[in-house]
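Q: Sharing a structure below in structure tokens format, with a few things to ask.
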Amino acid sequence: MLLASTSPQRKAILEQLHIPFDVVAPKYDEEPLPFADPVQVVREHARGKARSVADVAEDRPVLGVDTAVVLGGRIFGKPTNASDAEQMLEELSGKTHVVVSGLCLLTPGWEDVEHEATQVSFRELTPRDLGMYVAAGEWEGRAGAYAIQGRGGSLVRQIEGDYLNVVGLPAALLVRLLAERFSGVYGFG
């Protein structure tokens, strides 16, 4: 399999699942669409990433994934600076948001594009919580300004759904697709 992503979290999840893969950086520019339909956005970005590297896939399937943090219909992208990160986290404080991921699995003969959604509830965050988390720098390069698999886990009160989806790859969805499309090849199905 080819992973159309350089995300260390996605690589770690595939390794955890013992799925053999090679990484190819996608040649796809994500257009920020903060008030577009989040499901359509992540599905289209996942498809674009996968298609952007399909020419080097040979006979291997290509996996493209895109993940967004959504609150009240607004897509929270990656913060541009510490102030932006603090503002995002303050908006998520005490609320339940949705982490939605689009996943595209494609070969020369077919293309599956699906999505997964996980609800994440933050506890009420104090100014001290916000300051300490932002000062740690973990928000950098993270949609929604947090990483649940790191210190960001301390911001979370509850999660409903696929934890690995929040980390960056909807693993249950991927395993289901691999079992259906490649029964036994990747150890599933």
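Q: Considering the stretch 101-151 alone, what residues qualify as being farther than 30 Å from residue 177 by Cα, open to solvent by less than 50 Å² (accessible area, probe 1.4 Å), outside any helix (DSSP H, G or I) and out of contact with any Asp or Glu (no Cβ under 8 Å at 6 or more places or on another chain)?
A: 122, 137, 138, 139
Q: Anything in the stretch 64-100 that is polar (S, T, N, Q) and surrounded by fewer than 20 Cβ atoms within 10 Å (Cβ to Cβ)? List them, or say none.
A: Filtering the stretch 64-100 down to residues polar (S, T, N, Q) leaves 67, 80-81, 83, 87, 93, 96.
Residues satisfying the conditions are 80, 81, 83, 87, 93, 96.
Q: What is the residue count in the stretch 134-154 for residues that are closer than 25 Å to residue 64 by Cβ and basic (Lys, Arg)?
A: So the count comes out to 1.
Q: Would you mind telling me which numbered condition in (1) closer than 16 Å to residue 161 by Cβ; (2) in a helix (DSSP H, G or I) residue 70 fails?
A: Exception for residue 70: condition (2).
Q: Identify the single condition in (1) in a loop (DSSP other than H, G, I, E, B); (2) modelled with pLDDT under 95 that residue 94 does not satisfy, given that it satisfies every other one.
A: Among (1) in a loop (DSSP other than H, G, I, E, B); (2) modelled with pLDDT under 95, the lone unmet condition for residue 94 is (2).
Q: Residue check: is residue 48 outside any helix (DSSP H, G or I), surrounded by 15 or more Cβ atoms within 10 Å (Cβ to Cβ), in contact with a Gly (Cβ under 8 Å, 6 or more places away or on another chain) and not hydrophobic (A, V, I, L, M, F, W, C)?
A: Values: outside any helix (DSSP H, G or I): no; surrounded by 15 or more Cβ atoms within 10 Å (Cβ to Cβ): yes; in contact with a Gly (Cβ under 8 Å, 6 or more places away or on another chain): yes; not hydrophobic (A, V, I, L, M, F, W, C): yes.
Considered against the rule, which asks whether it is outside any helix (DSSP H, G or I), surrounded by 15 or more Cβ atoms within 10 Å (Cβ to Cβ), in contact with a Gly (Cβ under 8 Å, 6 or more places away or on another chain) and not hydrophobic (A, V, I, L, M, F, W, C), residue 48 comes out as no.
Q: If I filter the stretch 53-63 down to residues being at pLDDT 95 or above and open to solvent by less than 20 Å² (accessible area, probe 1.4 Å), which single residue comes out as farthest from residue 174 (Cα to Cα)?
A: 53
Rundown of residues vs (1) of a type in the set (Lys, Arg); (2) touching a strand residue (DSSP E or B) at 6+ places or on another chain (Cβ under 7 Å), yes/no style:
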site: 1; (1), (2): no, yes
site: 17; (1), (2): no, no
site: 24; (1), (2): no, yes
site: 73; (1), (2): no, no
site: 78; (1), (2): yes, no
site: 92; (1), (2): no, yes
site: 95; (1), (2): yes, yes
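Q: Working only within the stretch 68-79, note down all residues that are at pLDDT 95 or above and either among the β-branched types (Val, Ile, Thr) or under 20 Å from residue 174 (Cβ atoms) (or both).
A: 69, 70, listed by residue number.
Q: Would you be able to tell me the number of residues in the stretch 155-189 that are in a helix (DSSP H, G or I), farther than 22 Å from residue 66 by Cβ and in contact (Cβ under 8 Å) with a residue 12 or more places away in the chain?
A: Qualifying residue count for the region: 1.
Q: Can you say whether residue 40 is open to solvent by 60 Å² or more (accessible area, probe 1.4 Å) and either in contact with a strand residue (DSSP E or B) (Cβ under 9 Å, 6 or more places away or on another chain) or assigned to a helix (DSSP H, G or I) (or both), as far as the supplied structure shows? Give the steps one after another, and end with the answer.
A: Values: open to solvent by 60 Å² or more (accessible area, probe 1.4 Å): yes; either in contact with a strand residue (DSSP E or B) (Cβ under 9 Å, 6 or more places away or on another chain) or assigned to a helix (DSSP H, G or I) (or both): yes.
The answer is yes for residue 40.
The values are calculated or read from the model by the stated rules, or taken from the named source; none is laboratory data. Model, not experiment: these values are computed from the prediction. Reconstructed Cβ throughout: ideal geometry from the backbone, glycine too, with neighbour counts over all protein chains shown. Areas reflect the complete protein model, heavy atoms only, side chains present, ligands, DNA and RNA absent. Shrake-Rupley method; radii C 1.70, N 1.55, O 1.52, S 1.80 Å.
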